[in-house]
Each structure stands twice: as structure tokens, then as C-alpha cells.
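Taken together, the values in this text are just the output of simple stated rules run on the coordinates, not laboratory data. Quick caveat: nothing in here was measured; it's all calculated off a predicted structure. Cβ placement follows ideal geometry from the backbone for every residue including glycine, while neighbour counts extend to all protein chains displayed.
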Amino acid sequence: MKKSFLIILLLAGILFNTFAQRKFEKLDRGVVAVRNSSSVYFVSWRYLATDPENVQFNLYAKTVTASSFAKLNASPLTVTNFQTSSAQVGNGTQLYVTALIDGVE
């Protein structure tokens, strides 16, 4: 009797642990740019739950007239926002963020 009770208890613990796993949504960085004034844009993005604590970021933009993306920040960013001029970001600009982990994109 005690042996079967222990087996049932063990199986219940395994099943509970399996179903108690946290589920994550598949999200990207969600880059958003908002114009603060006529000459300044505020760009923000998500910090993901899977990012390590020492993660850094690079922000890239491609305007409508440009043929390739250009990095907007001079050094890696440690926060999830950036302010830039309207000359670099404007209507129709494509933005993306890359994570730097131990200095590697």
C-alpha cells in the first residue's frame, strides 16, 4: 500500500511539474518610433525575457531614399530606447534592433 502511494505521489509530482511550465509568446523586439518634436524621434523596443542581463543593443535605420541600413548609435546601447534626429528617422523609415551578447551581434 505504501509503495503504490509513493509511486502515485511521484507520478503526480512529475505531471504537475510538466504542466506547470511557463509558456512564452513568440515576440520580436517591437521597435516603435514616436516624434517628440519637429526634429527629434524617440525610438523604443522590447527587452525580451530570454535576454541575458548584460545584453547591449545596436539600432539600425534605412530611410526611404537610402539603399542600405545605417547604424544610428555610436557605441552599444545598454537601455531599450534611443533619441535621434528626424534626419535619420522619418516617415517610411525602417528600423531594426540587434542584440549584442558578449560583444557579438
FRET efficiency, 1/(1 + (r/R0)^6) with R0 22 Å, evaluated for Val32 and Phe69 via beta carbons: 0.80
Counting only other residues whose beta carbon sits under 14 Å from that of Leu95, what net charge do I get with K and R as +1, D and E as -1? +4
Taking 0.36 nm per intervening residue step and subtracting the Cα-Cα distance, what contour gain separates Ala49 from Thr78 on full extension? 8.9 nm
What ratio of Cα Rg to 2.2 N^0.38 Å holds for the stretch 52-97? 1.21
